[in-house]
Amino acid sequence: MTVRPKLSLYLRSFSDKPTQDWGATLDAARAMDEAGIDRVVVSDHVVFGENLEAYADPAAGGTAGGRQPTGPDGDWLEPLILLTAIAANTTRIRLGTGVLLAALRRPAVLAKQLATMDVLSDGRVDLGVGIGWQREEYDAVGLRFERRGRLLDHTLEVCQALWTQQRAAYRSPELTFDGIHQMPKPVQPGGVPIWVSGTVNPAVARRLSRFGNRWIPWGPAIRDLKAAIPAMKRAITESGGDPGTLRVQGSAALVKGSDGAIDVRASVAAVPQIVADGADDIRFAGSLPADPAAARELLADLVAAFRSITD
């Protein structure tokens, strides 16, 4: 099945400024909706410790050369609350997390929150999840950082059980319940779509096979999709899954020209190769102009340029 490439845009939900106009953040989301952006994506941190260098440590789940974009006292909006506000202010754009540290939330409560958001948005929610890189976030909620992979699987297992079973039952070393009813169910058949972030490794391949085969590459895979996608498909096959249904997010940047303005043509130049490598959801990152009229014009140009080379 051929999937029409989707245009996603990362929305900054964090700030190091002493004061931040969060109303402008909602304005930017509305402008994305009006311009025809397919999906708005926001990130997640519950708390910060003081060892932010771990972001650049692949052994901890970070990415080599990466840098945490704020200090420990930067403002970070809670993504599900922010996306609910965006849902109330938009009509068609999909609402994504990129990524939610789902294991930090109690699974049944998270399932309820996401189902509610999906109902209120008329089925526009996408759940991107990852295990994170910061030990202190797990410490702050009383969970073991070393078990974060299993904790994420457990969280997703419970969510899917509550989303799909009228009389839900679940049994695992972490939690057992039976005869549990949670309504409303998500609007989307099968529940909220799950996108799994991670590097090419057996644990991520198994997670993809179990929870929907939608992949947000991380680490070296971001920069080399041409090699990473076949490698992940092999890993999915080895895990007993079906790689034929794998969907992949590619990453692109809003490129600035010599005048400091965003160059739309340069920004979309990499898209044909990203699509040829196997991605069908292209997420752009970068700051929009502060002026609302300029932001709307830029977004309209970006959508037109993207569609011209992908349709």
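The values are calculated or read from the model by the stated rules, or taken from the named source; none is laboratory data. In this text, all values refer to a predicted model and were calculated from it rather than measured experimentally. Neighbour counts run over all protein chains shown; Cβ positions are idealised from the backbone, glycine included. Please note that ligands, DNA and RNA were not included when accessible areas were found on the heavy atoms of the full protein model with its side chains. Shrake-Rupley method; radii C 1.70, N 1.55, O 1.52, S 1.80 Å.
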With the condition kept exactly as written, say whether any residue in segment 256-267 is under 23 Å from residue 190 (Cβ atoms) and at pLDDT 95 or above. no
Conditions (1) free of Cβ contacts under 8 Å to residues at least 24 places away in the same chain; (2) assigned to a helix (DSSP H, G or I); (3) open to solvent by 50 Å² or more (accessible area, probe 1.4 Å); (4) closer than 23 Å to residue 290 by Cβ -> residue 19 fails only (2)
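The rows are residues; the columns are (1) farther than 25 Å from residue 67 by Cα; (2) at pLDDT 95 or above; (3) open to solvent by 60 Å² or more (accessible area, probe 1.4 Å); (4) not in a helix (DSSP H, G or I).
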{"residue": "205", "(1), (2), (3), (4)": "yes, yes, no, no"}
{"residue": "208", "(1), (2), (3), (4)": "yes, yes, no, no"}
{"residue": "215", "(1), (2), (3), (4)": "no, yes, no, yes"}
{"residue": "221", "(1), (2), (3), (4)": "no, yes, no, no"}
{"residue": "235", "(1), (2), (3), (4)": "yes, yes, no, no"}
{"residue": "250", "(1), (2), (3), (4)": "no, yes, no, yes"}
Residue under evaluation residue 44, criteria (1) without any contact (Cβ under 8 Å) to a residue 60 or more places away in the chain; (2) touching a strand residue (DSSP E or B) at 6+ places or on another chain (Cβ under 6 Å); (3) over 22 Å from residue 102 (Cβ atoms), criterion not met: (3)
Any residue in segment 35-49 that is loosely packed, with under 15 Cβ neighbours inside 10 Å and on the phi > 0 side of the Ramachandran plot? no
Looking at segment 86-185, what helices (runs of 4 or more DSSP H) fall wholly within it and have at least 3 residues that are surrounded by 21 or more Cβ atoms within 10 Å (Cβ to Cβ)? 107-120, 148-164
Exactly one condition in (1) touching a helix residue (DSSP H, G or I) at 6+ places or on another chain (Cβ under 6 Å); (2) at pLDDT 95 or above; (3) open to solvent by less than 50 Å² (accessible area, probe 1.4 Å); (4) over 27 Å from residue 129 (Cβ atoms) is not met by residue 295; state its number. (2)
In a strand (DSSP E or B), open to solvent by less than 20 Å² (accessible area, probe 1.4 Å), closer than 22 Å to residue 8 by Cα and out of contact with any Cys (no Cβ under 6 Å at 6 or more places or on another chain) - does that describe any residue in segment 262-282? yes
One residue is enough: does segment 224-233 have a residue meeting the conditions open to solvent by 50 Å² or more (accessible area, probe 1.4 Å) and β-branched (Val, Ile, Thr)? no
